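Below: one structure, written as structure tokens.
Computed from the coordinates by the stated procedures, all read-outs in this text should not be read as laboratory data. These figures come from a predicted structure and were not determined experimentally. Backbone-built Cβ (ideal geometry, glycine too); neighbour counts: all protein chains shown.
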Amino acid sequence: MYCKHCGKQVDKSAKICPNCGGNLKINSRLVNVQDEYITDSGSFNYTLWGLILPMVGLTLHFAWREDKPLSARAAMRGVVAFGAILMLFIVALSFVIIL
Ligand SMILES: [Zn+2]
């Protein structure tokens, strides 16, 4: 089926669109879904966790991928940022060693 919010194809058992985080089942679970939304803040704190402790960020990302797509994405951003910084560090270090 397709997400009614962003139009992307999503798994038909999905409760929340993995692409945009939109609610795909507005029914009796409405109250629960709203609860999930409140807790799925996508807070920048999760990005910081991923940045400082990438293993924690990765764990959070995979734990939340289904239920908290925004927070999972925020955690993953931190992990990616950590990777980017690490790469820059390695490149800088190799220059120092060469020169
Ligand atoms: Zn969507």
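For region 47-60, just list the computed ³J(HN,Hα) in residue order, Karplus coefficients 6.51, -1.76 and 1.60, θ = phi - 60°, integers in Hz, with x standing in for Gly and Pro.
Values per residue, Gly and Pro as x: 4, 5, 4, x, 6, 7, 10, x, 5, 5, x, 5, 4, 4 Hz.
Under a Cβ-only charge scheme (Lys and Arg +1, Asp and Glu -1), can you give me the dipole magnitude of the chain about the Cα centre, in debye to the nearest 20?
Working: 10 positive and 6 negative charges, 62 e Å.
Dipole size: approximately 300 debye.
Of I90, I97, how do they rank once you tally other Cβ atoms within 10 Å and put the fewest first?
Working: I90 10, I97 7.
Neighbour counts put them in this order, fewest first: I97, I90.
Just rank H61, H5, fewest to most, by other beta-carbon atoms within 10 angstrom.
Working: H61 22, H5 15.
Going from sparsest to densest Cβ surroundings: H5, H61.
Give me Y2, Y46 ranked fewest to most by other Cβ atoms within 10 Å of their Cβ, as a rough exposure proxy. Mind dumping the intermediate values first?
Working: Y2 12, Y46 25.
Ascending Cβ contact count within 10 Å gives the list Y2, Y46.
Considering the dipole of the chain built from charges on the beta carbon (Lys and Arg +1, Asp and Glu -1) around the Cα centre, which of A74, N23, Y2 is farthest to its positive end?
Looking along the dipole axis, the top candidate is Y2.
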